[in-house]
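Since every read-out is calculated from the coordinates, none of them should be taken as a lab result. The shown structure was predicted, so the numbers you read here are calculated from the model rather than taken from an experiment. Here the Cβ is made from the backbone with ideal geometry for all residues, glycine too, and neighbour counts use every protein chain on show.
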């Protein structure tokens, strides 16, 4: 594989689509409120064990400490680039990205008052082999989110 081919392959983003059973405002709260983030943000199956700190504003930061079923801790940090109730953009850095400063965009589109289409795009992963584990991790996180909605009665 040539260097140009490697660069093209690694520039392909991870894109995950999901319809969630809640309105845009409720989904946005789960994306930005640290107490809500702790209920679903982990790429590990099973019980969610996450500690979250977040200042959801442009230039604000967040930190996640996610614990796996075998008690391994994964620390992720980032900075909010743009915070809008329908579009959230933030950096995502930690061991799973080889500490590269990657970029995540979450777009929320109202289907109706009780359903939202969520599109998550994770860009700038430093190696193509990181796409599949990140896609799996984001899908697991969104499965956890599904279990929390409709908000606030399910969690």
Determine the principal axes of the Cα atoms in region 73-151, then give the extent along each, sorted from largest to smallest and rounded to whole angstroms.
39, 25, 23
Taking only Cα atoms, what is the 0 to 90° angle, nearest 10, from helix 131-148's long axis to the longest principal axis of the chain?
0
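As an exercise, use a Förster radius of 30 Å and the Cβ-Cβ distance of residue 81 and residue 112 to find the FRET efficiency, rounded to the nearest 0.05.
On the way: r = 29 Å, r/R0 = 0.96.
With R0 = 30 Å, the Cβ-Cβ based efficiency is 0.55.
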Please state the relative contact order of the chain as a whole percent: Cα pairs under 8 Å, 6+ residues apart?
29
Can you give the calculated 222 nm mean residue ellipticity of the chain, where each DSSP H run of n ≥ 4 adds -39,500 (n - 2.57) and the sum is split over every residue, rounded to the nearest 500 deg cm²/dmol?
-7500 deg cm²/dmol
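Sorted by average packing, counted as other Cβ atoms within 10 angstrom per residue and highest first, what order do 29-41, 85-97 take? The partial results should precede the final answer.
Details: 29-41: 19.4, 85-97: 17.2.
The most tightly packed comes first, giving 29-41, 85-97.
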